[in-house]
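The values are calculated or read from the model by the stated rules, or taken from the named source; none is laboratory data. Quick caveat: nothing in here was measured; it's all calculated off a predicted structure. No Cβ is skipped: glycine too gets one built from the backbone with ideal geometry, and neighbour counts run over all protein chains shown.
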């Protein structure tokens with residue numbers, strides 16, 4: 001699945017962004033399938049906004065976000081839902097877990113959203129063990145710490161099939177050791193699917209062997 | 001249930017306003033019951049009227065004539081049906097078959113034989129044979145026969161036997177005797193007079209007139225007719241249902257009249273129909289309100305889980321999946337309601353059939369096809385309204 005940006009520009013940030021150069025905003029950019037993409041951006045330059053545009057939950061932009069050659073607007077709600085179940089996965093900066101569900105249920109939700117789950121249920125325990133969150137799986141989303149929530153959100157994003165994984169500061173609440181573990185798991189899962197990811201962060205890092213670097 | 005729906009159950013709380021929902025469900029049940037009862041009562045009534053098991057109440061013959069009013073007296077032409085009027089009667093939906101009553105255009109005098117000293121002026125009428133309730137081998141006449149078969153109204157003999165003969169100290173006569181009496185029939189016009197033998201072949205309950213075969217009537221009218229084609233002032237119809245309010249209304253509207261006794265059932269039927277309609281109408285009103293409450297309930301559920309539903313959609317839940325899940329929360333209850341109402345109606349029908357059977361009125365023991373169709377229709381309507389509501393509010397999120 002190819003993602004292409006044409007002259008993309010967030011309307012609220014327009015004036016501010018025109019005064020500085022960017023590799024993404026107002027450019028034509030194509031993200032090649034299967035590539036590991038790092039987008040480095042200082043605060044306030046529209047990191048989260050970009051991720052939301054790519055995932056099509058914000059629409060206040062000029063220019064185009066094209067998926068497989070068609071702009072997002074050309075897909076209907078049910079088609080978009082299918083793509084979010086099969087082609088695009090996401091780790092939100094604000095994580096977005098259901099507080100009324102346990103950690104395991106939050107992950108399962110994405111696993112069983114499709115009629116035929118990509119992974120068996122045991123995979124959740126395996127991934128939780130790798131990220132040191134096995135002990136919180138049965139706790140409700142409400143009682144988890146930020147670091148735990150972040151790892152649950154990462155696992156949730158990895159139990160579904162995808163060709164692209166979008167991540168918005170996915171390690172912001174994790175210590176170095178847990179970051180390494182999470183990054184290794186993400187890299188493994190991407191490779192297993194021949195999938196690529198787009199990761200936004202504030203700084204440079206060596207968590208992944210990135211193919212492309214952009215400055216927002 | 002799919003594991004995904006089990007998770008949805010924890011996220012989308014359908015518990016809000018549960019009492020309201022249950023009350024709407026009870027309302028739907030009552031509405032369904034009223035509608036089904038109306039349908040079943042209607043088909044029971046039709047069965048009582050039309051089914052072969054209840055033959056006594058069905059098809060009947062009516063002799064129709066214009067009402068003689070004071071204004072018409074002395075003008076016999078005003079009581080005659082015009083060609084258009086006849087065509088109009090003939091084409092009414094309740095007229096199964098139609099015949100003209102032909103009257104004689106000559107003078108008839110009937111004499112009893114021997115020393116009975118009985119002679120009377122009379123008239124003859126004829127109807128097509130298919131309208132007769134008395135048929136026999138003797139009921140035929142062909143040119144050259146000197147014997148005319150005659151059918152008398154049963155009432156006529158009764159009037160004589162129980163009215164006239166008792167007061168005049170005359171002997172009562174049995175039907176057999178009358179049939180055995182050879183009558184002398186004088187037919188005349190102003191020029192000729194001929195004698196024939198009359199032979200009573202039967203007594204009619206259906207037509208109050210002195211009937212001769214149609215073949216004789218047309219021959220005799222031709223031969224002895226004084227006036228040329230006097231026209232028809234009485235017609236006879238066969239109708240599947242003399243209580244049909246349409247028939248009664250038609251007669252009233254056109255100033256026609258018939259044996260009122262045969263129409264008396266009509267009023268009862270009108271009352272029953274009205275009651276059934278009112279019941280059905282209340283059922284429909286109730287159904288409407290039940291649908292309204294269901295729609296509001298669905299709206300409430302979706303509105304109260306708006307954030308959760310938004311997140312589900314963001315995570316990739318298809319609107320279709322949400323619709324299916326939400327409908328699955330409500331539809332089973334509707335089906336249960338449908339089954340319960342069906343059981344109740346079946347019970348009622350079983351009981352009603354038993355009660356009616358004691359009065360020799362046969363209706364089927366089980367609810368008929370219309371009831372099932374009614375259930376399907378109501379459930380279908382409820383489902384569609386639910387589906388549209390769910391779709392509307394899910395898509396608006």
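Checking residue A:89 against (1) under 20 Å from the mean Cα position of the chain (by Cα); (2) in a loop (DSSP other than H, G, I, E, B): exactly one of these is not met. Which one?
Every condition holds for residue A:89 apart from (2).
Yes or no: region A:69-79 includes at least one residue that is touching a residue at least 40 places away in the same chain (Cβ under 8 Å), away from chain B (no Cβ under 11 Å), surrounded by 14 or more Cβ atoms within 10 Å (Cβ to Cβ) and assigned to a strand (DSSP E or B).
no
Could you grab me the full set of residues in region A:27-44 that are part of a loop (DSSP other than H, G, I, E, B) and either surrounded by fewer than 17 Cβ atoms within 10 Å (Cβ to Cβ) or out of contact with any strand residue (DSSP E or B) (no Cβ under 9 Å at 6 or more places or on another chain) (or both)?
Passing the criteria: A:27, A:32, A:33, A:34, A:35, A:42, A:43, A:44.
What's the number of the only condition in (1) more than 7 Å from every other protein chain (Cβ to nearest Cβ); (2) crowded, with 20+ Cβ neighbours inside 10 Å; (3) farther than 16 Å from residue A:53 by Cα that residue A:85 fails to meet?
Residue A:85 satisfies all of (1) more than 7 Å from every other protein chain (Cβ to nearest Cβ); (2) crowded, with 20+ Cβ neighbours inside 10 Å; (3) farther than 16 Å from residue A:53 by Cα except (1).
Among the listed residues B:193, B:167, which satisfies the condition of being loosely packed, with under 14 Cβ neighbours inside 10 Å and within 30 Å of residue B:260 (Cβ to Cβ)?
B:167
Within region A:125-160, work out how many residues are closer than 13 Å to residue B:7 by Cβ and more than 16 Å from the chain's Cα centre (by Cα).
Going through region A:125-160 one residue at a time, the tally reaches 1.
Of all residues in region B:17-47, count the ones that are in contact (Cβ under 8 Å) with a residue 60 or more places away in the chain and either within 19 Å of residue B:291 (Cβ to Cβ) or within 14 Å of chain A (Cβ to nearest Cβ) (or both).
Matching residues across region B:17-47 total 18.
Between B:348, B:387, which is closer than 20 Å to residue B:40 by Cα and away from chain A (no Cβ under 14 Å)?
B:348
If you take the residues in region B:49-70 that are touching a helix residue (DSSP H, G or I) at 6+ places or on another chain (Cβ under 8 Å) and at pLDDT 80 or above, which one is surrounded by the fewest Cβ atoms within 10 Å (Cβ to Cβ)?
Step by step, filter region B:49-70, then rank; the result is B:68.
Consider residue A:59 carefully, then state whether it is surrounded by fewer than 20 Cβ atoms within 10 Å (Cβ to Cβ), under 20 Å from the mean Cα position of the chain (by Cα) and either part of a helix (DSSP H, G or I) or without any contact (Cβ under 8 Å) to a residue 40 or more places away in the chain (or both).
Yes; evaluated as a whole, the condition is true for this residue.
Tally the residues that are within 14 Å of chain B (Cβ to nearest Cβ), in a helix (DSSP H, G or I) and closer than 20 Å to residue A:183 by Cα, restricting the search to region A:112-148.
Number of matching residues: 1.
From the residues in region A:92-111 that are more than 10 Å from every other protein chain (Cβ to nearest Cβ) and part of a helix (DSSP H, G or I), which one is nearest to residue A:47 (Cα to Cα)?
Among those that are more than 10 Å from every other protein chain (Cβ to nearest Cβ) and part of a helix (DSSP H, G or I), it is A:107.
Among the residues that make up region B:324-333, is at least one of them within 14 Å of chain A (Cβ to nearest Cβ), under 26 Å from residue A:79 (Cβ atoms) and touching a helix residue (DSSP H, G or I) at 6+ places or on another chain (Cβ under 9 Å)?
Yes - at least one qualifying residue is present in region B:324-333.
Would you check which residues across region A:185-216 are in contact with a helix residue (DSSP H, G or I) (Cβ under 8 Å, 6 or more places away or on another chain), surrounded by fewer than 19 Cβ atoms within 10 Å (Cβ to Cβ) and part of a helix (DSSP H, G or I) and list them?
Matches in region A:185-216: A:185 only.
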